[in-house]
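The values are calculated or read from the model by the stated rules, or taken from the named source; none is laboratory data. Computed from a predicted structure; not experimentally measured. No Cβ is skipped: glycine too gets one built from the backbone with ideal geometry, and neighbour counts run over all protein chains shown. Note: accessible area is taken over every heavy atom of the protein model, side chains too, but ligands, DNA and RNA are not part of it. Shrake-Rupley method; radii C 1.70, N 1.55, O 1.52, S 1.80 Å.
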Amino acid sequence: MVEIATKDLQRALDFYRLLGLDIPEPEGPHVEAELPGGNRLAFDDEEIIAGMHPGWTPPTQQGRVAIAFEVSEPADVDALFEKLTAAGHSGALKPFDAPWGQRYATVTDPDGTSVDLFCPLP
């Protein structure tokens with residue numbers, strides 16, 4: 001399981017739902033989404049994390065973790081990038097054909113996590 005501590009749980013869930021994840025409505029400060037392959041992505045309100053770990057403070061530096069989403073078609077990278085940026089999320093790297101053979105872009109979730117979008121090129 002990958003877990004994301006978030007300042008605004010609903011805003012984070014809305015972001016990841018735009019990526020196509022089926023995330024249930026939370027019944028408290030924690031919610032989990034099933035991912036393909038049996039993995040899970042969990043979201044916790046920062047306050048619940050701080051309550052479990054005395055002295056914990058939210059990270060202030062971005063870029064330590066990235067989450068990547070593979071899509072079916074190269075054009076889907078562009079469409080998802082547009083959908084997310086149109087919803088007000090930061091587009092860190094506009095879609096491009098990467099030299100390693102993928103259509104590739106990066107957006108940033110509401111808490112600063114890098115989210116890569118990619119698809120192998122034909």
Checklist outcome for this item: Across GLY28, GLY112, GLY37, the residue with the highest GNM fluctuation in the chain (Cα network, 10 Å cutoff) is GLY37
Next on the checklist: Distance between the C-alpha centers of the stretch 1-28 and the stretch 29-61? Whole Å please.
Outcome noted: 10 Å
Checklist entry - How large is the charge dipole for the chain, taken about the Cα centre, if only the Cβ atoms of Lys, Arg (+1) and Asp, Glu (-1) carry charge, to the nearest 20 debye? => result 400 debye
Checklist entry - If only Cα atoms are counted, what is the Rg of the stretch 7-122, and what is its Dmax, in Å? => result 15.2, 50
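Pairs of alpha-carbon atoms within less than 8 angstrom and 6+ residues apart define the contacts here; what relative contact order does the chain have, in percent? Before the final figure, lay out each step's value.
Details: 205 pairs, mean separation 28.7, N = 122.
After rounding, I find 24 percent.
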Checklist entry - Once both axes come from the Cα atoms, what is the angle between helix 74-86 and the longest principal axis of the chain, in degrees from 0 to 90, rounded to 10? => result 50 degrees
Checklist entry - Averaged per residue, what accessible surface does the chain expose to a 1.4 Å probe, in Å²? => result 59 Å²
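Give the peptides 48-59, 11-22, 87-98 in descending order of average Cβ contacts within 10 Å, highest first.
On the way: 48-59: 11.0, 11-22: 15.9, 87-98: 14.3.
Descending packing order for the listed peptides: 11-22, 87-98, 48-59.
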Checklist entry - Could you give the angle, 0 to 90 degrees to the nearest 10, between helix 9-18's Cα long axis and the longest principal axis of the Cα atoms of the chain? => result 20 degrees
Item to check | Solvent-accessible area, 1.4 Å probe, carbon plus sulfur percent, for the stretch 2-107 | outcome: 51 percent
